[in-house]
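Undergrad: Pasting a structure below so you can have a look.
All of the numbers you see were taken from the coordinates with simple rules; none came from a lab. As the structure is a prediction and not an experimental result, all values here were calculated from the model. No Cβ is skipped: glycine too gets one built from the backbone with ideal geometry, and neighbour counts run over all protein chains shown.
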Amino acid sequence: MAYFRSHILVCNDPECLEKGSMEILDLLKKEITKQGLEDEVQVLDTPRIGACAQGPEIMVYPEGHHYIQLEKNNIPFLVEEQFLKGRPVTKWFAPEIPEGAQELREPTTKEVRVVLRNCGKIDPENIEEYIAEDGYQALAQVLTDSNPDEVIQIVKDSGLRGRGGAGFPTGVKWGFTHDAIGDQKYVVCNADEGDPGAFMNRAVLEGDPHSVVEGMIIAAYAIGASQGYIYCRAEYPIAVKTVKIAINQAKNYGLIGEKIFGSEFSFDLEVRQGAGAFVCGEETALIASIEGRRGEPRPRPPFPAVSGLFGKPTNINNVESYANIPQIILRGPEWFAGMGTEKSKGTKTFALAGDVNKTGLIEVPFGITLREIIFDIGGGIKNGRKYKAIQTGGPMGGCLPEQYLDLPVDYEKLTEAGSIMGSGGMVVMDDETCMVDIARFFLEFIQDESCGKCVPCRVGTKRMLEILTRICNGEGKDGDIELLENLCMEIREDSLCGLGKGAPNPVVSTLRFFRDEYEAHIYNKECPAKVCRALINYEIDPEKCVGCTLCARNCPVEAISGERKETHVIDPDICIRCGICKQVCNYEAVLVT
Amino acid sequence: MSVEVKNDRDLIKTADKAVDMYHAKKEELIPILMKVNQDLGYIPKVVMAHISSRLNIPQSHINSVASFYHMFFTKQTGRHVIKMCESAPCHVSGGREVFNTLKENLGISPGETTKDDKWTFITTSCLGVCAVAPVMMVDEDIYGNLTPEQIPDILAKYE
Amino acid sequence: MNAIKSLDDLKKIREQAIEKRKATANSGGVQVIVGMGTCGIAAGARETMKAVLDFIEENTVKNVVVTQTGCIGICEQEPILQVATSENEKTTYGKVSPEIAAKIMKSHVLGGKVYEDHRIQI
């Protein structure tokens, strides 16, 4: 691949497009070629440079020169001065933003779809539609123009970090596996997206499977692997089917198989399914599962890069990490590194779920705030309720309350705040959520999914769950909070793998920010959010009840009595607090106290 | 999923079909067990014993793998299996109410099968469709945007 | 299907695919796209797809192609249906039940008029 000394990025956002940015792009290309610079200067289009109001705008890297309000007749002069004579044309630069006004340059709330670019646009079961969207061009370029070291360098330069949650620099990981000694190497895609609330990977596998396949083939070439596996959870049968179709189509076109694109590189790819074990999202457990064993993690080192699947050097990356690769190759690492924050480059997909109006998938550059995600893109809290907390990063993530709404989202900032990036699940909670119940809930999940191998996780989470269950049942004791805090510390320090180490996070963060709720449960036997069944009562408001008998007729345990047109009464001793009466009442006469 | 009583010979035939499909490779144990689970609704002991001898793996290993993964059943299930997602996004979106309604309508708790062998009710981890929560699966059919009122009609669809 | 052995082969297929897309768009034909990701199916997209196909059969609608796509990402609007009448004109509809699908087919696909009630911006 030719190494360009400069890249020109031309903004293709709608506002810039309307102002003629693509004509500017064409003129730039023509002028660059005219000056004989086509092997030195690359011209690309890109979304979101950020000053469309003063478009058309371009960005020149690596210098970082931002030109705005360009006109067609500016181009020949600009190319000659900037690229031939090395003299940037400062009169056309974007004005310097004074120090104090830096916050004005916060990212806009517009999404930037890189990984999700084809989802919902193409028929995922038709490889030609992927090819029409520049599919497999990156692979062709890499196999004909670059050697493995160059490919690894590009990925390193892009700043791409593993999107599965750990955030380890992808290029560095590829480098380790490339350098490891082994007669056989493997690439594995971790598609065991088990985090509740995370479904980004599912969408990519179902909507644009070839982006993952192409990314994996490129990775295999870079590290020297001849065999790959996509390990997909069995709870995603449609994703499994779509990926298998994609692989078959790629094989039919010779994009998987012997001597791809006429090169010496050969590669085969298979799908393996999980069987319902969250822990298999952990890379060593995943490897065990492919090998036909219980999905139990093992200590590291040795890391999979050195000794992984079947004891051979193995590169494991998340679906999203691979899906980014073709675009990074085609558009160049500087384009990718031009988005995001200092240490978290590029974009990230997030799955918004819970009490937010617009649930679904988004893809945004790092640096966007939680407030923008929840309120601007997510449309705010459902039913006009008040925001209480957001849990990021899956069941091992922390819950962040209101004071963190202006937190810019990136790996470091989320960890500092006491949560994690995880794979990108974001569960929004409103003021009707009991945070103790939520902590108990996540712990129940983790207890269920603990592989059982190490004592801190297996026994520790069980004991924590017992304590939390007691608290939610109104049987909390003085000393429970301190005991929980102790257990959290020990489990975190002594567990074998990420599942155990992260298990205390929901408890730690809810104790930190919502300690008053725990205390209300324990000392006042009250659930402030009116959720914990043992601590609430359902009552009928005599002012609102019209005696329609709907609640009585729907009560599964016949706890409600009353004559037609007369106020009904709930017997608290029979009532099981299922909430059905409140659901069916048309007069809002059922109160929870 | 069928509950017809199969004799041991038929069960072993099913086991052989699965093993042959994956060329009797040891590392394909999980796909083999998955195939048996799909065909029979569960993995009977006699099948585990047969797979053990065909793959030359100790039966204890087969048992330990079969009991590890949530999607494998080692006991016979009802004609239909209901998997209700009990993960946080479903829980906060009304999943609790749907879960309670299901429990009331079926008359059983998670992990149990109804006396007439019609329903097995289990909870499952996240199905990955959280944006249309609450969600449940009945056999291979997936239902989203659930409300308690929909439950009786959905259940009535199945024989 | 011939194996792709070079960048030129790939470019040829790309051009053919783009041409095919343009031809379908310019033929005056209509493309109806139903989101069939798992979230769509959980929201009832299979029944919506069936309603679309039934409508086409019962009304012998010609010049319409029905395809599927994956998860667009606005899952709470599922089932999602899109009607594309030419290269740049694509209308997206949300919460398309089988009944609404039939109404959209009648109003937009047959009658050329957007069914405003369920239209959504993406």
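Undergrad: Order of A:216-223, B:93-100, A:580-587 by packing, highest average Cβ count within 10 Å first?
TA: So the order, starting with the most tightly packed, is A:216-223, B:93-100, A:580-587.
Undergrad: Tell me which trypsin sites (Lys or Arg not before Pro) from segment A:469-508 have a DSSP coil assignment and no more than 14 other beta carbons within 10 Å of their own.
TA: Details: sites: A:ARG470, A:LYS477, A:ARG492, A:LYS501; in loops: A:LYS477.
Listed in order of number, the matching sites are A:LYS477.
Undergrad: Which of the trypsin sites (Lys or Arg not before Pro) found in segment A:238-344 are loop residues per DSSP with 16 or fewer other Cβ atoms within 10 Å of their Cβ?
TA: Those satisfying the criteria are A:LYS259, A:LYS343.
Undergrad: Looking at the square roots a ≥ b ≥ c of the eigenvalues of the Cα gyration tensor of segment B:8-68, which shape do they give, rounded for a/c under 1.5, prolate if a/b is larger than b/c, or oblate?
TA: rounded
Undergrad: Now, a different point. Considering every residue in B:117-129, what mean count of other chain Cβ atoms within 10 Å of its Cβ is obtained?
TA: Average neighbour count from other chains, rounded to a whole number: 6.
Undergrad: For a Förster distance of 35 Å, can you work out the FRET efficiency between the beta-carbons of A:TYR587 and A:ASN524, rounded to the nearest 0.05?
TA: Efficiency for this residue pair is about 0.70.
Undergrad: Using DSSP to define loop residues, name the GluC sites (Glu not before Pro) in segment A:211-293 whose beta-carbon has at most 12 other beta-carbon atoms within 10 Å.
TA: Answer by residue number: A:GLU258, A:GLU264.
Undergrad: By how many nm would the segment from A:GLU402 to A:ASP448 grow when fully extended, if each residue of separation counts as 0.36 nm and the alpha-carbon distance is taken off?
TA: Working it through step by step, the gained length comes to 13.5 nm.
Undergrad: In terms of Cα to Cα distance under 23 Å, which lysines are near enough to A:LYS241, apart from those fewer than 8 places away along the same chain?
TA: A:LYS121, A:LYS251, B:LYS17, B:LYS25, B:LYS35, B:LYS83, C:LYS50
Undergrad: In nm, to one decimal, how far is the A:GLU80 label point from the B:ILE154 one, both placed 7 Å along Cα→Cβ?
TA: 7.1 nm
Undergrad: Averaged over A:116-127, how many beta carbons belonging to a partner chain fall within 10 Å of each residue's beta carbon?
TA: 5
Undergrad: Roughly how many nanometres apart are two label points built 7 Å out from the Cα toward the Cβ at B:SER109 and C:VAL65?
TA: 5.6 nm
Undergrad: What ranking, highest mean first, results for peptides A:173-180, A:73-80, A:204-211 when packing means the other Cβ atoms within 10 Å averaged over each residue?
TA: A:204-211, A:173-180, A:73-80
Undergrad: So how strong a dipole does segment A:435-523 carry about its Cα centre when Lys and Arg Cβ are +1 and Asp and Glu Cβ are -1, to the nearest 20 debye?
TA: 320 debye
Undergrad: So for the pair C:GLU116, A:LYS462, with labels modelled 7 Å out along Cα→Cβ, what separation do we get in nm?
TA: Distance between label points: 6.4 nm.
Undergrad: Please find the FRET efficiency linking B:VAL46 to C:ASP54, where r is the Cβ-Cβ separation and R0 is fixed at 51 Å, and quote it to the nearest 0.05.
TA: 0.65
Undergrad: Now a separate question. In peptide C:4-12, what is the residue-averaged number of other protein chain Cβ atoms found within 10 Å of each Cβ?
TA: Counting Cβ atoms of other protein chains within 10 Å of each residue's Cβ and averaging gives 6.
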